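First the structure, in the form of structure tokens, and then the observations on it.
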Amino acid sequence: MALETKLAEDIRSAAKQAGLEVTSAEAASGFNGIPTAKFHLALAGDPAKTETLELSEDFDATNPKFAAELSRYLRENAKRLRNPRPDCYVTLGGLPISFRSWQWPFHLSTSGADTYIVHGDAFLEDGHTAADAQLRAKVSASMTVTFADIVPAAEQPFAEAFIYNAVRKIMDQGQIELVKSGNRQPVPVTTRYYSSKQGKFVFNDTTHEQRQDYLAAKVFWLSGVLGGGRPVWLLDPRDAQYLNTTVEELKNNMDAIAKDGLIHLQQDTEFAVGTDALMGLRLSYEEELAEALAFTKPTFNEDMRGGHTNM
């Protein structure tokens, strides 16, 4: 049923200003039956490119505390929707992944713990595995009620970026396993990911070379392998947060790999496709993926498993 509420009207207006249109809106429910409003957004004039925005039904989109951040979120997503696979990201370790089926907004833990929880899935996207055989991680991301004070609201537009980056960070550390099935795996978002002194999230300290390698891998996987050679956005603020850098520095990194002949910049200079030189590195990227995937698998002390201990 079409949703006709003040929130729906406000989201339609904000989306239009960002270059998006609401193709449908309906009343829904989040985890534990929390009443929500679900919006399907598309690029204006391109209804094939869509994403879902789900908010608590009583969320006030015009509250000055939220309006500017919501507007920024929608503008960024309008650019992200121009990617061939807007749901896909790359990790520093070399894993191309997609985020799907996230149940926004956060909900209080049902176990009695003093935490907010959000559930979702991360799928490995290697470009040749059938959908029913894809490896994935079922994720339960959490933040304490105290830590939640840092976030304007426990809603999708204000948390999606740092939750996705926390999942990528945990994958880089080999603490999430990608499997065909399994239980939810925890991703705690703690103060170690936030600098109160700088007032921002911090996930990875990276060098100029690491960022160049990251952007090249992003173009290889998201444009060359998964995107049919279509342009991918390289100045994504989510990547800047993940790499602990700025969008301006990402542009310098992007220009550097363009000069190296690995990518070809589009006219607006924020989007790029891979050159033949980049796509010729397929074997190297596939080996990197295999190593990163192996790193996520649990390892065992063989001596202890054989009963040889000092106890």
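Read-outs throughout are calculated quantities, based only on the coordinates presented, and are distinct from any laboratory measurement. Worth saying up front: this structure is predicted, and the values here are computed from it rather than measured. Positions of Cβ are backbone-derived with ideal geometry, glycine not excepted, and every protein chain shown enters the neighbour counts.
Please work out whether segment 100-227 counts as rounded, prolate or oblate from its C-alpha gyration tensor, where a ≥ b ≥ c are the square roots of the eigenvalues and a/c under 1.5 means rounded, while otherwise a/b larger than b/c means prolate and anything else oblate? Let's see the in-between values first.
On the way: a/c = 2.15, a/b = 1.25, b/c = 1.72.
It comes out oblate by the Cα gyration axes.
Going by the alpha-carbon gyration tensor, a ≥ b ≥ c the square roots of its eigenvalues, is segment 44-125 rounded (a/c under 1.5) or, if a/c is not under 1.5, prolate (a/b greater than b/c) versus oblate? Working shown, then result.
On the way: a/c = 2.12, a/b = 1.12, b/c = 1.89.
Because a/c hits 1.5 or more and a/b fails to exceed b/c, segment 44-125 counts as oblate.
Please go through the residue pairs K138/K180; K38/K169; K65/K200; K169/K200; K138/K297; K16/K38 and name each one whose alpha carbons sit more than 21 Å apart in this structure. Before the final figure, lay out each step's value.
Numbers: K138/K180 10 Å; K38/K169 28 Å; K65/K200 17 Å; K169/K200 16 Å; K138/K297 15 Å; K16/K38 17 Å.
Checking Cα-Cα distances, K38/K169 exceed 21 Å.
Using each residue's phi in segment 224-239, evaluate 6.51 cos²θ - 1.76 cosθ + 1.60 at θ = phi - 60° and report the 3J(HN,Hα) Karplus result to the nearest Hz, with x for Gly and Pro.
x, 8, 8, x, x, x, 7, x, 10, 7, 9, 10, 7, x, 5, 5
In percent, how large is the relative contact order of the chain, given Cα pairs closer than 8 Å and 6 or more residues apart? Kindly include the intermediate steps, with their values, before the conclusion.
Numbers: 528 pairs, mean separation 44.4, N = 311.
The value is 14 percent.
Ignoring trypsin sites (Lys or Arg not before Pro) that are buried or in helix or strand per DSSP, and keeping those with at most 16 other beta carbon atoms within 10 Å, what is the longest stretch of the chain between them? Write down the numbers at each step before the final one.
Details: sites that count: K180, R184, K197.
Looking at the chain, 1-179 is the longest stretch - no exposed trypsin sites (Lys or Arg not before Pro) with at most 16 other Cβ atoms within 10 Å.
Choose one of S109, P47, S195: the residue whose Cα lies farthest towards the positive end of the charge dipole of the chain (beta-carbon charges +1 Lys, Arg; -1 Asp, Glu; about the Cα centre).
Going by the Cα projections, it comes out as S109.
Sort S142, S284, S223 by Cβ crowding within 10 Å, fewest neighbours at the top.
In increasing order of surrounding Cβ atoms, one gets S284, S142, S223.
Going 7 Å from the Cα of R72 in the Cα-to-Cβ direction, what parts of segment 239-270 have a backbone nitrogen less than 17 Å from that spot?
The answer is 239-250.
Just want the ordering: W233, W104, from fewest to most Cβ atoms lying within 10 Å of their own Cβ. Mind dumping the intermediate values first?
Numbers: W233 21, W104 25.
Least to most surrounded, the residues fall as W233, W104.
Amide H to amide H, which residues 5 or more places from T144 or on other chains are under 5 Å from it, using H placed in the peptide plane?
Y116
Determine the distance separating the Cα centre of segment 216-258 from the Cα centre of segment 101-158; give it in Å without decimals.
Rounded to whole Å, the Cα centres lie 24 Å apart.
What FRET efficiency would be calculated for the residue pair S24, R100, taking the C-beta separation as r and a Förster radius of 22 Å, to the nearest 0.05?
Working: r = 19 Å, r/R0 = 0.84.
Here the calculated transfer efficiency is 0.75.
Using helices alone, I'd like the mean residue ellipticity at 222 nm for the chain: each DSSP H run of four-plus residues gives -39500 (n - 2.57), total over residue count, nearest 500. Spell out each step's value before the answer.
On the way: 9 runs with 98 residues, N = 311.
Calculated at 222 nm, the ellipticity per residue is -9500 deg cm²/dmol.
Working only with C-alpha atoms, what are the Rg and Dmax values of segment 208-295, expressed in angstrom?
Just the Cα atoms of segment 208-295 yield Rg and Dmax of 12.4, 39 Å.
Using the 2.2 N^0.38 Å rule of thumb for compact globular proteins, work out how segment 1-146 stacks up: its C-alpha Rg over that value, please. Provide the component values of the computation, followed by the final result.
Numbers: Rg = 16.5 Å, N = 146, 2.2 N^0.38 = 14.6 Å.
Cα-based Rg divided by the globular estimate yields 1.13.
Counting only Cα, what are the radius of gyration and maximum Cα-Cα distance Dmax of segment 1-81, in Å?
12.1, 36
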